[in-house]
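Colleague: Can you read through this structure? Questions will come right after.
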């Protein structure tokens with residue numbers, strides 16, 4: 001896709017006369033338009049949704065509004081969305097943190113010689129171990145199904161062209177608001193989802 005020139009949404013919906021008026025293979029008359037061709041009445045909701053996505057991407061590439069760009073990225077879905085199962089959802093707390101105020105709840109391994117938690121006595125709080133590790137296939141995968149990829153410039157978005165169904169871009173905190181806007185627009189053109197498209201943009205526009 002070229003950045004300079006792009007087709008308008010009307011050109012995407014224009015019906016080609018060669019498809020509807022060309023004689024059939026048997027020579028008896030014009031072919032009937034198929035259900036998947038552009039310009040034909042869509043009875044299938046899935047095909048109509050695909051056409052609507054084409055119109056949204058074309059409008060964004062031709063300079064659509066920011067709300068349109070955000071709507072496109074929100075409509076993107078992962079190719080495979082595995083079921084994420086956590087072996088343990090509770091946090092491990094520090095021993096005797098519920099007894100003394102000076103002891104914080106953040107986990108610290110007990111190292112005392114006579115510590116009953118370290119010796120794993122029955123009825124004591126549990127300690128982290130390798131058995132609570134999450135599945136490698138779903139590790140670092142958020143509930144949306146897209147894994148994060150940190151980008152610092154517009155050029156780095158091209159890395160996600162072949163894996164935009166499994167990864168999403170996250171703009172680094174050091175990127176300026178001007179480059180952030182260009183990155184979000186380019187990501188919408190390439191059908192790449194961005195985790196933080198509104199970061200540092202709304203606050204500066206309001207000022």
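Colleague: Given (1) farther than 19 Å from residue 79 by Cα; (2) without any contact (Cβ under 8 Å) to a residue 24 or more places away in the chain, where does residue 196 come up short, assuming only one miss?
Modeller: Of (1) farther than 19 Å from residue 79 by Cα; (2) without any contact (Cβ under 8 Å) to a residue 24 or more places away in the chain, only one is false for residue 196: (2).
Rundown of residues vs (1) assigned to a loop (DSSP other than H, G, I, E, B); (2) in contact with a strand residue (DSSP E or B) (Cβ under 7 Å, 6 or more places away or on another chain); (3) modelled with pLDDT of 85 or more; (4) in the same structural domain as residue 185 (by TED's automatic domain parsing), yes/no style:
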site: 72; (1), (2), (3), (4): no, no, no, no
site: 108; (1), (2), (3), (4): yes, no, yes, no
site: 142; (1), (2), (3), (4): yes, no, yes, yes
site: 163; (1), (2), (3), (4): yes, no, yes, yes
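Colleague: What number of residues in region 165-192 are within 24 Å of residue 137 (Cα to Cα) and crowded, with 20+ Cβ neighbours inside 10 Å?
Modeller: 3
The values are calculated or read from the model by the stated rules, or taken from the named source; none is laboratory data. Predicted model, so just to flag it, every value in this text is computed and none were measured. Positions of Cβ are backbone-derived with ideal geometry, glycine not excepted, and every protein chain shown enters the neighbour counts.
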